[in-house]
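Structure first, commentary second.
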Amino acid sequence: MSAASSLGETLRAAMNAARKAQDKDRTLVLGTIISNLKNREIDLRRPATDDEVVDVVRKGIKIRREAVEQYTAGGRQDLVAAEQAQIRVLEEFLPPAVDPEEIRAAVRQAIAAGARDLGKVMAQVLPTYKGRADGKLINQIVREELQAG
């Protein structure tokens, strides 16, 4: 057996279960993500790690959130609901979210250690929470703390 990620296997098993249950919406969204994952593995020329699988899932969620914004602006509530349902399915496969206060404490620590601008603080904090917290949230917290300090 190759070093394929357990999260990738979990996605595949969930899609097979959705197929057996004839849940077309869930099968579609999981199939799309698995396809994106397969493309990533082809680019990497090796099986994806769990962190890389999480990146693929997060990217799928980001794309769907952008679609929600577009559909909301266009007044298409039927499509908004469909995209939000897909986001909920994908969020099931993400690791538990990090408490924003934990991120805020890490940001304060980085600022106290001498990082005084957005780029330097992000460079110190982002790797710690990669795959466990949204980059937008981290960026927002960094900006708030830099303004407060």
* Asked: Is there any pair linking a residue in the range 94-116 that is closer than 19 Å to ARG132 by Cα and free of Cβ contacts under 8 Å to residues at least 40 places away in the same chain to one that is surrounded by 13 or more Cβ atoms within 10 Å (Cβ to Cβ) and of a type in the set (Phe, Trp, Tyr), with Cβ under 8 Å and at least six apart or on different chains, and which?
  -> VAL98/TYR129; ILE103/TYR129; ALA106/TYR129
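This table checks each residue for (1) over 20 Å from LEU7 (Cα atoms); (2) modelled with pLDDT of 90 or more; (3) more than 18 Å from the chain's Cα centre (by Cα).
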site: LYS38; (1), (2), (3): no, yes, no
site: LEU44; (1), (2), (3): no, yes, yes
site: ASP50; (1), (2), (3): no, no, no
site: LYS62; (1), (2), (3): no, yes, no
site: LEU79; (1), (2), (3): yes, yes, yes
site: GLN84; (1), (2), (3): yes, yes, no
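Looking only at the range 108-118, decide whether some residue is open to solvent by less than 40 Å² (accessible area, probe 1.4 Å), closer than 25 Å to GLU145 by Cβ and either assigned to a helix (DSSP H, G or I) or touching a Gly at 6+ places or on another chain (Cβ under 9 Å) (or both).
Yes; the residues of the range 108-118 include at least one that is open to solvent by less than 40 Å² (accessible area, probe 1.4 Å), closer than 25 Å to GLU145 by Cβ and either assigned to a helix (DSSP H, G or I) or touching a Gly at 6+ places or on another chain (Cβ under 9 Å) (or both).
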* To do: Might you let me know whether the range 74-83 holds any residue that is assigned to a helix (DSSP H, G or I) and closer than 21 Å to LYS130 by Cα?
  => no
* Looking only at the range 127-144, and only at residues there that are open to solvent by less than 50 Å² (accessible area, probe 1.4 Å) and modelled with pLDDT of 85 or more, the one that is nearest to the chain's Cα centre (by Cα) -> ILE138
* To do: Select, from ARG40, ARG143, ARG132, ARG104, the only residue that is part of a loop (DSSP other than H, G, I, E, B) and over 22 Å from ASP25 (Cβ atoms).
  => ARG132
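Here is a yes/no grid of residues against (1) open to solvent by 60 Å² or more (accessible area, probe 1.4 Å); (2) touching a residue at least 60 places away in the same chain (Cβ under 8 Å); (3) over 29 Å from LEU137 (Cα atoms):
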| position | (1), (2), (3) |
| --- | --- |
| ALA21 | yes, no, yes |
| ASN39 | yes, no, no |
| ILE42 | yes, no, yes |
| ILE63 | yes, no, no |
| GLY74 | no, no, no |
* Could you pull out the residue among GLN86, GLN124 that is open to solvent by 60 Å² or more (accessible area, probe 1.4 Å) and in a helix (DSSP H, G or I)? => GLN124
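The values are calculated or read from the model by the stated rules, or taken from the named source; none is laboratory data. The structure displayed is predicted, hence computed values, not measured ones. Neighbour counts run over all protein chains shown; Cβ positions are idealised from the backbone, glycine included. Ligands, DNA and RNA are excluded from the accessible area calculation, which covers all protein heavy atoms including side chains. Shrake-Rupley method; radii C 1.70, N 1.55, O 1.52, S 1.80 Å.
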